Amino acid sequence: MAKTKKAKAIYIWDAVRSINGSVLHNLHEDIDSLLSGGKIYFFLLIMGFLMVYAAGMFGVSAVNMGYREAYGLTREAPWGLLISTYIFFVVTSTGLCIVSSIGHVFGVKQFMPIATRAVFVSIVTIFAGFSVMLFDLDEPFHMIYSIITPNLSSNIWWMGALYGAYLVFMILEFIFLLLKRHKPAAYSGLTALIFGISAHSNLGAVFGMLHGRDFWYGPYMPIYFIASAIMSGCAAIVIFTWLGYKINNEKIDKQMEKALQSVGKLAALMIAILIFFEIWKVITGLVGSEDKRLAIFSMLNGRYAFNFLVIEILIGMIIPFIILIKTRFMNMNKLFYASILMIIGIFFMRYDLVMVGQVVPVLHGINVEEFSGLVSYAPTIYEIAISIGGLGIAIIAFLFGEKVFKGPFKGHKFGIHPLDEVWK
Amino acid sequence: MITRMERREFLKLGLTITGVSVGGGFLSVVSNFKKVFASTEEYRKKYPYKPHYTMLIRQNRCIDCGECMKACVKTNNVPGYGYRTTILERYEKNAIGSKREFIPMLCMQCNNPPCVRACPVEATYKDKKTGIVRMHYEKCIGCKTCMEACPYDARYFNDERHAIDKCDFCFDTRLSKGMKLPACAEACPTKARVFGDLSNPNDEVFRIVHQMQKAVWVLRPEVGTKPNVFYTTSDREVSDEK
């Protein structure tokens, strides 16, 4: 017993030393490298800081004003842009976790080179999501009561708890990847994957279990959330890998190119699946209750029609799908552009999901004057600035990550590991 | 007694109004008897709380004077941007006779409250003794999931309290201090709001909810929340003044 303890202690000490060695030891170099880079690097960095700065200004004044004044939320539509931005970020994070696990957890070789960067960006995006969410909660410190008096029947509670565990294991996985300890990295990755999928489907269930709201209620939401997360993860991996190589002024090597092609293929598959999802959402909604039909009509020819049909479906799914198929996943730049379109589409997908669910007032069915119309909502400048700030945080953290973990992110040197050993 | 004309009017409305079912002998063809009692058999036989607080709204007595809302605002410090109780208005231009109807709304104090299930920190809870859906204001994180979950739009965010606020039948401000009625029921000049206790078979509300001659309904029964606020109409000649 004592021996194993000692061995463990030595192991941990080794781990700490090698983190020191690989990362912290070269602190000066790191700082130098943070300040060196090409035009794209500095452009993105300055943009990132400006975004965070603006978000900070607007966020602080929103806190001072009170959220009721600052945000465009109402009693009938208490969730708005901030919630959908939060969902967008955690969807992307979960998707990155799922897609990266294909390689370094389940041992599919083509997916291995993207793993380390994907895990890092996954941690970054979930932090961005949490920071946006912080500005939606009026009393975030009261979250201590989720430990003191937890409500185990609440999906929000489970989502929080599971995302907490997910974050811990993602960070562990990343540390192990840096240490080149692939076996514990794969185990942490598997655990993170399980927590991530549970957490994310719970986020879907936050909507899916609101039985007073026809548009959301049912098992569709958790499933749809996971499916769209994978598409989101694919797009994010392509974007961040492409950018990573760009800002380091390097050419994407053969192995990474192959990996990105595989990611592109998976993305195309997920687009097809999601189009299938959307089609059945619309068709089933058209024969439902009047409330649900009204919600669906708002997506087809109402106020969310442009968002849904043009941005979410055409720009976010159909055009990228055509680009991917036409280029046969070979052209890295086109793959990147397709991914940008997909990410934009997914952002609007989140927004539509949150807003269309609230567009019909819950008391619409009792035919009273007060609730005869649809609920309108427009995000205020405060909500927009804070959401953009979340993106800014993600960009800055990603850029610094690219500089600090330059070595580990390179597929051919580090990303591919003899995983056949891991699962023996 | 319901006159023939009124019955016809009822039938017309009853068929067009979603979420409200109209019962009674003549109309039983188009309605569901279970819904007349506003709850399922098993629920009706057993009221889990003592006292099982309830409110019966005699809808046709409401004249939209707004006294209930004023009393509520005063008693519970409700800010101008929110409400705990309100009066909704229905207008049916094809209705025979009166074309306007007022529907007082408040928290339904559901027996199966979606808001309580949704809250991550148990800031809102079903009071074990009285069945009132109450708030621990100090716990609320402001995630607003309960507002999304409520099928009756009964909740709002109160900036001053930094928490969600809702009707609690005036438990904090009146009932817990020995008063018998919520402010709205006391203020109503036409006695449209009758406050009562379903665990007591001699209670007026119990007797009205458990008869079959006159329709009693709840709002949005399809959601399965089992509300404790019932709606009915009241005949003027019946002297059931409180």
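The values are calculated or read from the model by the stated rules, or taken from the named source; none is laboratory data. Remember, it's a predicted structure, so these values are computed and weren't measured experimentally. Positions of Cβ are generated from backbone atoms using ideal geometry, with glycine treated the same way; all protein chains shown enter the neighbour counts. All accessible areas refer to the heavy atoms of the entire protein, side chains included, with ligands and DNA or RNA removed. Shrake-Rupley method; radii C 1.70, N 1.55, O 1.52, S 1.80 Å.
So here's what we get for this one:
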{"read-out": "Long-range amide H partners of B:Thr124 with built H, under 5 Å", "value": "B:His136"}
{"read-out": "Phi-based couplings in Hz for segment A:213-226 (Karplus 6.51, -1.76, 1.60; Gly and Pro marked x)", "value": "10, 4, 5, 9, 4, x, x, 4, 4, x, 5, 4, 4, 5"}
{"read-out": "Equivalent ellipsoid, chain A (semi-axes from 5 times Cα gyration tensor eigenvalues, Å)", "value": "37, 25, 22"}
{"read-out": "Placed amide H near B:Glu89: partners under 5 Å, 5+ positions off or other chain", "value": "A:Glu369, A:Glu370, B:Ile103"}
{"read-out": "Average beta-carbon neighbours from other chains, 10 Å sphere, peptide A:206-213", "value": "6"}
{"read-out": "Accessible area that becomes buried as B packs against A, both chains, 1.4 Å probe, Å², nearest 100", "value": "3900"}
{"read-out": "Over segment A:177-303, relative contact order from alpha-carbon pairs under 8 Å, at least 6 apart, %", "value": "20"}
{"read-out": "Test item: B:130-143 mean partner chain Cβ contacts at 10 Å", "value": "4"}
{"read-out": "Sequence of A:Trp280, A:Trp158 when ordered by accessible area, the most exposed leading, probe 1.4 angstrom", "value": "A:Trp280, A:Trp158"}
{"read-out": "³J(HN,Hα), Karplus 6.51/-1.76/1.60, whole Hz, each residue of segment B:127-135, x for Gly, Pro", "value": "4, 5, 8, 9, x, 6, 7, 10, 10"}
{"read-out": "Residue-normalised accessible area of chain A, given per residue in Å² at a 1.4 Å probe", "value": "42"}
{"read-out": "Distant-in-sequence amide H partners of B:Asn158 (H built 1.01 Å from N, under 5 Å)", "value": "B:Ala163, B:Ile164, B:Asp165"}
{"read-out": "Carbon and sulfur %, accessible surface of segment A:33-408 computed with the full protein complex present, 1.4 Å", "value": "73"}
{"read-out": "Above-threshold pairs, the threshold being 29 Å between Cα atoms, out of A:Lys39/A:Lys254; A:Lys334/A:Lys406; B:Lys191/B:Lys226; A:Lys109/A:Lys403; B:Lys46/B:Lys144", "value": "B:Lys46/B:Lys144"}
{"read-out": "Heavy atoms of B:Arg207 accessible to a 1.4 Å probe, total area in Å² rounded to 10", "value": "140"}
{"read-out": "For residues of A:147-158, the mean tally of beta carbons on other chains within 10 Å", "value": "5"}
{"read-out": "With DNA, RNA and ligands ignored, accessible area of A:Thr149 (1.4 Å probe; Å², nearest 10)", "value": "30"}
{"read-out": "Contact order relative to length of segment A:33-408, as percent, for alpha carbon pairs under 8 angstrom and 6 or more apart", "value": "30"}
{"read-out": "Karplus (6.51, -1.76, 1.60) ³J(HN,Hα), θ = phi - 60°, over segment A:67-72, in Hz, Gly and Pro reported as x", "value": "5, 5, 6, 6, 9, x"}
{"read-out": "Solvent-accessible surface (1.4 angstrom probe) belonging to B:Cys170, in square angstrom, nearest 10", "value": "10"}
